[in-house]
Every structure is written in C-alpha cells, then in structure tokens.
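Scroll down for the structure; my scribbles are underneath it.
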Amino acid sequence: CGSCSAEINGKPRLMCMTRMELFKEGQPITVAPIRTFPWIRDLVTDVSYNYEKARQLPPLRPKPPEPDGTYRMMQEDIDRIQEFHKCIECFLCQDVCHVIRDHEENKKVFAGPRFFIKAAGLDMHPLDTRTDRTEFVKNSAGIGLCNITKCCTEVCPEHIHITDNGIIPLKERVADRFYDPLKRLFRVFAG
C-alpha cells in the first residue's frame with residue numbers, strides 16, 4: 001500500500017517488502033524515517049507536501065461518452081499508461097530526489113518524480129481532452145530542475161520506469177514546445 005516507507009540501512013525501502021536475507025547475519029539493521037520530509041514521530045513523516053503538489057496537477061478532463069453511453073479505447077493506448085497506474089504512492093521516489101531532498105527552496109517550484117509520471121499518464125490517457133500539460137510541467141512543476149539521475153527509478157518498489165517512460169518524454173515535449181527554434185518558426189508561420 002506504500003504506507004511503510006522508511007530508510008533501512010540508509011536505503012529507501014518499503015519495510016513490508018524488505019527481505020531479511022538481503023542483510024548479512026549479525027549485521028546491524030537500522031530503520032529510520034524517510035529524510036526528505038519533516039519527521040513527526042517514530043517512523044512517521046509529514047508527506048503533506050505531496051498532497052499539495054497533487055492538488056496543483058491539472059486533472060483528467062474526459063471526452064463525452066459515445067452515443068451508446070460508453071467509452072471506447074484501443075488496448076495499445078491502455079497498455080501505454082498502465083505502468084504509471086501501478087504507483088502505490090509510497091513516495092520513495094520523492095524521498096531520493098536530490099532536488100527535493102537537498103534543496104528545501106525547490107519544494108515550492110518542483111513537483112517531483114511522482115507527479116511527473118502522474119502528468120505523463122494523464123497526458124497519454126486516450127480519453128483526456130486536456131491534451132497539453134506541457135506549460136504546467138515547465139512552469140509550475142519545474143521539470144527543468146530534474147537532471148535525470150534515475151535514482152527515482154532505482155527505488156521504485158513497483159519497478160516503474162519513471163525516468164525513461166515519464167520524465168524524459170515530458171522533458172522532450174517541453175524542449176520541443178518552448179526551446180526548439182525550428183518548431184517555433186513553424187508555429188509562427190503555420191499559425
């Protein structure tokens with residue numbers, strides 16, 4: 001469920017999924033709360049930052065249903081976003097993100113890996129009529145601060161390819177829309 005996130009011997013893990021066989025017999029095992037968020041008590045941290053960022057994300061705006069009252073989607077469109085829906089919101093990716101962890105001042109302008117994959121999943125959703133969250137990702141979510149170290153992907157207990165399948169495509173869309181001079185010229189002349 002993602003509620004038992006902790007740092008075990010300094011590495012972010014889910015306590016329920018950490019097997020004792022990973023550690024040598026007789027080796028001390030330390031369990032500490034995740035460090036990125038304010039400590040409350042014992043292993044409990046205040047992750048309300050994540051819920052504030054979730055509220056800022058432009059929601060899904062589905063198209064109207066078909067005349068028979070149903071929605072139709074191609075299976076390949078569903079498969080493309082299925083990986084992102086495996087997220088259990090353990091916030092381990094947020095914990096290891098150095099942009100959030102090491103720079104408190106970035107928390108105001110940086111959403112973090114969890115919300116980048118959420119935005120990517122919404123952008124790729126076959127029923128979404130809000131076809132472009134690129135401006136939000138650039139200006140409000142601060143994707144430019146991410147330097148793609150893949151530490152978020154490494155700690156994901158659901159093995160979501162956060163960087164390769166979520167963050168990099170979002171960064172490419174931002175670069176195409178805001179920084180590519182040829183595409184900018186094309187938009188000017190094409191209207």
Hits in region 161-176 (condition: open to solvent by 40 Å² or more (accessible area, probe 1.4 Å), touching a residue at least 24 places away in the same chain (Cβ under 8 Å) and not in a loop (DSSP other than H, G, I, E, B)):
165, 171, 173
Just checking, which of 167, 160, 143 is in contact with an Asp or Glu (Cβ under 8 Å, 6 or more places away or on another chain) and closer than 28 Å to residue 7 by Cβ?
160
Residue 182 fails exactly one of (1) touching a Phe, Trp or Tyr at 6+ places or on another chain (Cβ under 9 Å); (2) open to solvent by 20 Å² or more (accessible area, probe 1.4 Å); (3) more than 25 Å from residue 72 (Cβ to Cβ); (4) hydrophobic (A, V, I, L, M, F, W, C), namely (1)
For residues in region 91-113 being in contact with a Lys or Arg (Cβ under 8 Å, 6 or more places away or on another chain) and not aliphatic (A, V, I, L, M), which is farthest from residue 156 (Cα to Cα)?
101
Which residues, counting only those in region 5-31, are loosely packed, with under 14 Cβ neighbours inside 10 Å and not aliphatic (A, V, I, L, M)?
10, 11, 16, 19, 21, 23, 24, 25, 26, 27, 28, 30
Tell me, which residue of region 159-191 that is closer than 13 Å to residue 84 by Cβ and in contact with a Gly (Cβ under 9 Å, 6 or more places away or on another chain) is modelled with the lowest pLDDT?
166
Counting just the residues of region 131-149 that are open to solvent by less than 60 Å² (accessible area, probe 1.4 Å), among the hydrophobic types (A, V, I, L, M, F, W, C) and assigned to a helix (DSSP H, G or I), which one comes out nearest to residue 17 (Cα to Cα)?
143
Please note which helices (runs of 4 or more DSSP H) are completely contained in region 53-130 and include at least 3 residues that are open to solvent by 60 Å² or more (accessible area, probe 1.4 Å).
75-82
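Take the residues in region 39-52 that are open to solvent by 50 Å² or more (accessible area, probe 1.4 Å) and aromatic (Phe, Trp, Tyr); name whichever of them is nearest to residue 12 (Cα to Cα). Talk me through it step by step, then tell me what you get.
First, the residues of region 39-52 that are open to solvent by 50 Å² or more (accessible area, probe 1.4 Å): 39-44, 46, 51-52.
Still in the running and aromatic (Phe, Trp, Tyr): 39, 51.
On the way: 39: 15, 51: 20 Å.
It comes out as 39.
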Could you please tell me which pairs satisfy a Cβ distance under 6 Å, a separation of 6+ or placement on different chains, a first residue in region 128-150 that is touching a residue at least 12 places away in the same chain (Cβ under 8 Å) and under 14 Å from residue 94 (Cα atoms), and a second residue that is of a type in the set (D, E, K, R) and open to solvent by less than 60 Å² (accessible area, probe 1.4 Å)?
143/171
Hey, any hits in region 150-160 for a residue that's of a type in the set (Ser, Thr, Tyr), surrounded by fewer than 16 Cβ atoms within 10 Å (Cβ to Cβ) and part of a helix (DSSP H, G or I)?
no
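The values are calculated or read from the model by the stated rules, or taken from the named source; none is laboratory data. Because the structure is predicted, anything quoted here is derived from the model rather than measured. Glycine also receives a Cβ, built like all others from the backbone with ideal geometry; neighbour counts cover every protein chain displayed. Just the protein is used for accessible areas: all its heavy atoms, side chains included, with ligands, DNA and RNA removed. Shrake-Rupley method; radii C 1.70, N 1.55, O 1.52, S 1.80 Å.
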